[in-house]
Amino acid sequence: MTRYARIIGTGGYLPEDIRTNDDISQTVDTSDSWIFERTGIKSRRIAKPHETASSMAEAAARQAIEAAQINPEDIDIIIVATGTPDRVYPSTGCLLQKRLGIKNCVAFDVQAACSGAIFALSIADQYIKSGAAQKILVVGSELCSRITDWTDRSTCILFGDGAGAVLLEATDTPGILSTHIHSDGEYEDMLYCPNPQVATIDNAGEAGFIQMRGNEVFKVAVNTLGQIVDQTLKANNLQKSDVDWLVPHQANIRIIAATAKKLKMSMEQVIITLEGQGNTSSASVLLAFNEGVRDGRIQRGQIILLEAFGAGFTWGSALIRY
Ligand code: UT7
């Protein structure tokens with residue numbers, strides 16, 4: 001009997017405070033129209049000072065657990081994707097485990113920048129398919145606002161805070177059909193965030209803010225996501241027309257539109273959260289998936305393509321029969 005990882009609950013959390021494009025244009029030389037036309041973003045959520053990746057992860061995870069109607073004690077593994085952990089260690093996964101009051105599970109973090117949720121789903125899928133785990137909680141949680149230089153107009157217009165979660169359970173009906181993850185460290189300097197506390201000669205003196213050569217990243221992202229679409233469909237022997245929903249990483253509406261075009265999908269078949277959330281890095285795909293499920297667009301039995309691209313570079317996809 002084939003084992004599959006099936007999504008049995010989803011959740012999301014967005015901080016209350018909203019920062020609009022107009023707010024940003026008060027402090028840097030930009031405008032609402034430039035930002036919206038080039039990115040598709042109108043506003044983003046900003047966490048309050050007391051909020052952390054683990055506190056936001058808890059809110060999203062509790063929703064997913066409630067939707068799945070399971071006892072948290074039955075969770076075997078917690079995987080948190082984040083590039084903005086509360087602490088260097090313990091992992092945000094362990095902090096989330098404590099917050100949820102779960103004693104007997106394994107918890108750890110995955111760091112794959114904006115592709116983190118896809119990497120975490122891929123790891124979870126392997127554990128479930130192999131029979132090593134029955135129930136896995138996957139969370140993406142990011143405080144991008146704290147690693148954003150709010151005086152740098154080339155990056156501060158893009159990012160936002162939030163957390164998304166899914167609960168996976170082993171079943172004999174699909175499920176995650178396949179995951180595909182990739183990395184190429186050759187491009188490490190096109191998009192990175194220094195860690196000043198462990199500075200080397202190379203990055204001594206750099207503040208801990210996101211650095212990006214946006215236009216170059218954009219071109220590689222479009223190209224690479226086109227390839228991952230082909231790889232995913234081929235691996236499952238499916239046609240473009242078999243995909244019901246595209247749930248992309250929310251970096252830029254023009255990147256999303258290029259992927260939709262590659263799939264010959266209309267934008268009506270794409271879950272887009274970018275306008276009110278910006279790029280929430282590893283939280284974005286799970287937040288979008290949660291939104292599509294909760295507002296009834298994503299239905300049981302449909303085929304959903306999740307994809308992401310981020311620093312590393314890292315990129316990946318997950319094809320799911322929901
Ligand atoms: O999630 C991880 C992956 N990240 C991404 O996928 C991000 C990918 N990159 C992008 O989304 C886009 O490259 C940006 C939105 C960051 C920038 O858009 P772009 O169309 O690539 O613009 P650009 O960097 O080529 O800049 C075009 C012009 C420049 O002016 P000149 O040299 O033509 O005079 C910039 O200085 O726009 C200027 N510019 C701005 N103008 C107003 C750059 N940022 C701004 C701004 N407001 N915020």
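The values are calculated or read from the model by the stated rules, or taken from the named source; none is laboratory data. Worth saying up front: this structure is predicted, and the values here are computed from it rather than measured. Reconstructed Cβ throughout: ideal geometry from the backbone, glycine too, with neighbour counts over all protein chains shown. Side chains included, ligands, DNA and RNA excluded: accessible areas come from the protein's heavy atoms. Shrake-Rupley method; radii C 1.70, N 1.55, O 1.52, S 1.80 Å.
Some notes on this structure:
- The range 226-258, residues that are in contact (Cβ under 8 Å) with a residue 60 or more places away in the chain and under 30 Å from Thr151 (Cβ atoms): Pro248, His249, Ala251, Asn252, Ile253, Arg254, Ile256
- Extreme residue, least open to solvent (accessible area, probe 1.4 Å), among residues of the range 158-185 that are among the charged types (D, E, K, R) and within 16 Å of the ligand (Cβ to nearest atom): Asp161
- Exclusive hit being modelled with pLDDT of 95 or more, open to solvent by 60 Å² or more (accessible area, probe 1.4 Å) and within 14 Å of the ligand (Cβ to nearest atom), set Lys42, Lys48: Lys42
- Test: residue in the range 127-137 that is out of contact with any Pro (no Cβ under 9 Å at 6 or more places or on another chain), farther than 22 Å from Glu73 by Cα and open to solvent by 10 Å² or more (accessible area, probe 1.4 Å): no
- Residue pairs whose Cβ atoms lie under 7 Å apart, separated by 6 or more positions or on different chains, with the first residue in the range 1-29 and in a helix (DSSP H, G or I) and the second open to solvent by 10 Å² or more (accessible area, probe 1.4 Å), are Asn21/Asp32; Asn21/Phe36; Asn21/Lys42; Asn21/Ser43; Asp22/Asp32; Ile24/Thr30.
- Residue within the range 88-108 that is modelled with pLDDT under 95, outside any strand (DSSP E or B), open to solvent by 20 Å² or more (accessible area, probe 1.4 Å) and of a type in the set (S, T, N, Q) present: yes
- Residue list for the range 193-226, filter: surrounded by fewer than 17 Cβ atoms within 10 Å (Cβ to Cβ), at pLDDT 95 or above and not in a helix (DSSP H, G or I): Arg213
- Qualifying position, being in contact (Cβ under 8 Å) with a residue 60 or more places away in the chain, within 16 Å of the ligand (Cβ to nearest atom) and under 18 Å from the mean Cα position of the chain (by Cα), among Ala53, Ala113, Ala57, Ala64: Ala113
- The residues of the range 276-322 that are at negative phi and assigned to a loop (DSSP other than H, G, I, E, B), listed by number, are Thr280, Asp295, Arg297, Ile298, Gln299, Arg300, Gln302, Ala311, Phe313, Tyr322.
- Here is the figure for the range 237-264: residues that are more than 16 Å from the ligand (Cβ to nearest atom) and surrounded by fewer than 17 Cβ atoms within 10 Å (Cβ to Cβ) total 8.
- Search result, residues across the range 247-279 that are polar (S, T, N, Q) and farther than 12 Å from Gly292 by Cβ: Gln250, Asn252, Thr259, Ser266, Gln277, Asn279
- Residue that is farthest from the chain's Cα centre (by Cα), among those in the range 24-36 that are near the ligand (Cβ under 9 Å from one of its atoms) and surrounded by fewer than 16 Cβ atoms within 10 Å (Cβ to Cβ): Asp29
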